[in-house]
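Trainee: Attaching a single structure in structure tokens format; questions to follow.
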There are 2 protein chains.
Amino acid sequence: MNALRYENQNLSVVNMPKLSADGEAIVRVTLSGICNTDLEIARGYAGFEGTLGHEFVGVVESVSEARAPARAFSDLSKPSLTAPTPAGLPVWGPRVGLLTPGQRVVGEINAGCGACDLCRSGDSRHCPNRTVLGIVGRDGAHAEFLKLPVVNLLPLPDEISDNQAVFTEPLAAACGILERTSITKETRVAVIGDGKLGLLCAQVLGTTGARLVLFGKHRHKLAIVAQRGIETITIDKAKMRKREFDFVVEASGSPTGFDLALELLHPRGVLLLKSTFHGATKVDMARIVVDEISVVGSRCGRFAPALELLKTGAVDVESLISEEFALTDGVRAMERAADAGMLKVLLRP
Amino acid sequence: MNALRYENQNLSVVNMPKLSADGEAIVRVTLSGICNTDLEIARGYAGFEGTLGHEFVGVVESVSEARAPARAFSDLSKPSLTAPTPAGLPVWGPRVGLLTPGQRVVGEINAGCGACDLCRSGDSRHCPNRTVLGIVGRDGAHAEFLKLPVVNLLPLPDEISDNQAVFTEPLAAACGILERTSITKETRVAVIGDGKLGLLCAQVLGTTGARLVLFGKHRHKLAIVAQRGIETITIDKAKMRKREFDFVVEASGSPTGFDLALELLHPRGVLLLKSTFHGATKVDMARIVVDEISVVGSRCGRFAPALELLKTGAVDVESLISEEFALTDGVRAMERAADAGMLKVLLRP
């Protein structure tokens, strides 16, 4: 099967042997999305070698008996307390025994060891021995097939198209913000960055009814969320809004975004750090102490709230699709995804 | 009157004119304490010129009608929800009209403008136009007399000696941790740094019953809190406790302390930043995002919980006194306070 791989400092589409299930589910990938993390891996920044990709939608090819049922993502079966799903709606639960070949699925990307304290407490996302699809120790989704533990897979409702479902993972990451903090209609919220992540974060935060502004550089990107009634401001005008916000999401991935976030925050405000920067970033710690700022890291989120948002049409993800390439053109697609002004680039096997 | 001043890059004891009340209270200082912030100001790091000192105990000399009663620290009159005072005990309230000359007092160091949103919401500690005793725009406590708004002063109960009361401000700063987070008996807590601030933080956190360890370099300093039943570990052995703690207080004031704090934290743990570092500190942001750490800044605290701890003897501050100097020997006292192994150096006018 074809797979887009980064190996020996080289990115290429390689013909790989057929996957062996090894007690996991095998999924035929329908569509996968290129994330900035993929670009960083292909620049050699992340220390991963293998098949790239962690955003996908696919169809179950085969389901094996799970070797290690203890590694189930038990946190997925708990109702969300903070996610913006209307009370009483079903939350996707454990999926062992529920999956059959031919079913459309998306998949959570962290696979825990099942044995450590964190896994046993239901937090496999932070297991120190976890593998992560296309990021840590596990071949990824830019391929004709992938494999994941059965418990990682969630069946897709018919209402969600493939073009929408391929955004489940990054949308879940945006929803993860609401797992880490409480936001009300009175909260003054800013999002910095109008890339894919910033646009998703702004839309998710928009569902809370908070007083929200998105700061970004690109008018055509800002327009996507402005159409949904979200206030947008170009970043050169951000300094006029200093110390105005209770809650700022840094989703630009740049150290200047971090500095701007500190400037926008009211004393005792919360800076939610959504994007990772490479290497060490210089931070004015005195500002954090004197103004008693909280800096809160946020990485992955649970898929269930994201699927709910997609199902109800509460967020627009399809406007974020810039281009689609065949998987065999994966190297060119990666180059294109790195171009300025691009949003989501998709790969179709 | 004599005052220890930093001016024109020079530290000296200067004979100053008598203070004019200008609608504030004048306090005759009995005893003042040298803080690391004073040392930093005297190195030219903090941009303040004038009389140093913000830790003091004194006696009311005169009380004027407050010019601007709106600048009252109304947050001081609210009962504390998080401070470790037994329920039902009185919390020190507004003090206008209650102070008379001759009364022993301590004083909160931030004086807000009284007009901004923050002051009006009761948070003068973060007023952007505030003055701060001996730190920002207001002569300090290493002097025979100081002045502060009447509402900043708290009468001292007889049970608290001058040697104890002079620790009210730094002890309040340690109590401020409990304003910023919730800690239970199950919380695994570490404090990094066995300086004055670290020893006070450890003792305050000890009152919560949490599972607590203090990491430090100096056996004789660690011994002060070990005597109170707190576990202490020398910092060279800290790496054996990696990823073990839910809550780490960085009170060493060094960037290596910050890095160690990140290493000690469990995923989704809280790093409470108590000490300020100079300039920009390099931080591994990716670690904060991937492990979903919260970095929480904490500066000043309210005095009421600190006075309660002193009154009940729940913390030992007198063991932290290293030496006492006459105010006229203030320059030598500052040099001594900077010596390795020293804890609190006091000045007596």
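Trainee: Can you give the accessible area buried between chains A and B, summed over both chains, with a 1.4 Å probe, in Å² to the nearest 100?
Mentor: 3200 Å²
Trainee: Please enumerate, by chain and number, the aspartates and glutamates with C-alpha under 19 Å from the C-alpha of A:LYS239, excluding those fewer than 8 residues away in the same chain.
Mentor: Counting by Cα, and skipping residues close in sequence, A:LYS239 has these aspartates and glutamates nearby: A:ASP194, A:GLU231, A:GLU250, A:ASP259, A:GLU263, A:ASP284, A:ASP291.
Trainee: Placing a label point 7 Å from Cα toward Cβ, how far apart in nm is A:ALA21 from its equivalents in the other copies, listed shortest first to one decimal?
Mentor: Here A:ALA21 shows inter-copy label distances of 8.9 nm.
Trainee: Of B:LYS242/B:LYS282; B:LYS18/B:LYS147; A:LYS282/B:LYS274; B:LYS185/B:LYS344, which ones are farther than 23 Å apart at the Cα?
Mentor: Values: B:LYS242/B:LYS282 20 Å; B:LYS18/B:LYS147 11 Å; A:LYS282/B:LYS274 18 Å; B:LYS185/B:LYS344 30 Å.
Table pairs above 23 Å Cα-Cα are B:LYS185/B:LYS344.
Trainee: Another one. Using every Cα-Cα pair within the range A:230-313, state what percent have a distance larger than 18 Å.
Mentor: For the range A:230-313, the fraction of Cα-Cα distances above 18 Å is 50 percent.
Trainee: On the accessible surface of the protein assembly as shown, probed at 1.4 Å, how many percent belong to carbon and sulfur atoms?
Mentor: Carbon plus sulfur share of accessible area: 50 percent.
Trainee: Label point 7 Å out from B:SER121 along Cα-to-Cβ: which residues of the range B:288-323 have amide N under 19 Å?
Mentor: B:296-302
Trainee: Moving to a separate point now. Rg(Cα) of the protein assembly as shown divided by 2.2 N^0.38 Å?
Mentor: 1.08
Trainee: For B:LYS237, which lysines qualify as cross-link partners when the Cα separation must be under 19 Å and same-chain residues fewer than eight apart are set aside?
Mentor: Those lysines meeting the cut-off are B:LYS217, B:LYS221.
Trainee: Where the centroid of each part is defined by its Cα atoms, how far is the range B:211-234 from the range A:198-246 in Å?
Mentor: 48 Å
Trainee: Running Debye on chain B with equal point scatterers at the Cα sites and no solvent, what base-10 log of I(q)/I(0) appears at q = 0.12, 0.14 Å⁻¹?
Mentor: -0.86, -1.17
Trainee: Let me know the charge dipole size of the range B:135-274 about its Cα centre in debye, to the nearest 20, where only the beta-carbon of Lys, Arg (+1) and Asp, Glu (-1) is charged.
Mentor: 620 debye
Trainee: Please find the FRET efficiency linking B:LYS311 to B:ASP22, where r is the Cβ-Cβ separation and R0 is fixed at 35 Å, and quote it to the nearest 0.05.
Mentor: Details: r = 32 Å, r/R0 = 0.92.
E(calc), rounded to 0.05, equals 0.60.
Trainee: Measure of size requested: the Rg and Dmax of the range B:177-297, with Cα atoms as the atom set and Å as the unit; please supply both.
Mentor: For the range B:177-297, the Cα radius of gyration and maximum Cα-Cα distance read 13.1, 39 Å.
Trainee: Counting just the Cα atoms, what span does the range A:119-240 cover along each of its three principal axes? Round to the nearest Å and put the largest first.
Mentor: The Cα atoms of the range A:119-240 stretch 48, 34, 29 Å along the principal axes, largest first.
Trainee: State to the nearest 20 debye the size of the charge dipole of the protein assembly as shown about its Cα centre, where the only charges are +1 on K and R beta carbons and -1 on D and E beta carbons.
Mentor: 240 debye
Trainee: Counting heavy atoms of the protein chains only and a 1.4 Å probe, report the per residue accessible area for the range B:94-219 as a whole number of Å².
Mentor: Per residue, the range B:94-219 has 33 Å² of solvent-accessible surface.
Trainee: Highest GNM mean-square fluctuation, chain A, Cα pairs closer than 10 Å: which of A:GLN103, A:GLN227, A:GLN203?
Mentor: A:GLN227
Trainee: If you restrict to DSSP beta bridges whose two residues both lie in chain B, what percentage is antiparallel, to the nearest 5?
Mentor: Numbers: 31 of 58 bridges.
In chain B, DSSP labels about 55 percent of beta bridges as antiparallel.
The values are calculated or read from the model by the stated rules, or taken from the named source; none is laboratory data. The structure displayed is predicted, hence computed values, not measured ones. Cβ: placed from backbone, ideal geometry, glycine included. Neighbour counts: every protein chain shown. Please note that ligands, DNA and RNA were not included when accessible areas were found on the heavy atoms of the full protein model with its side chains. Shrake-Rupley method; radii C 1.70, N 1.55, O 1.52, S 1.80 Å.
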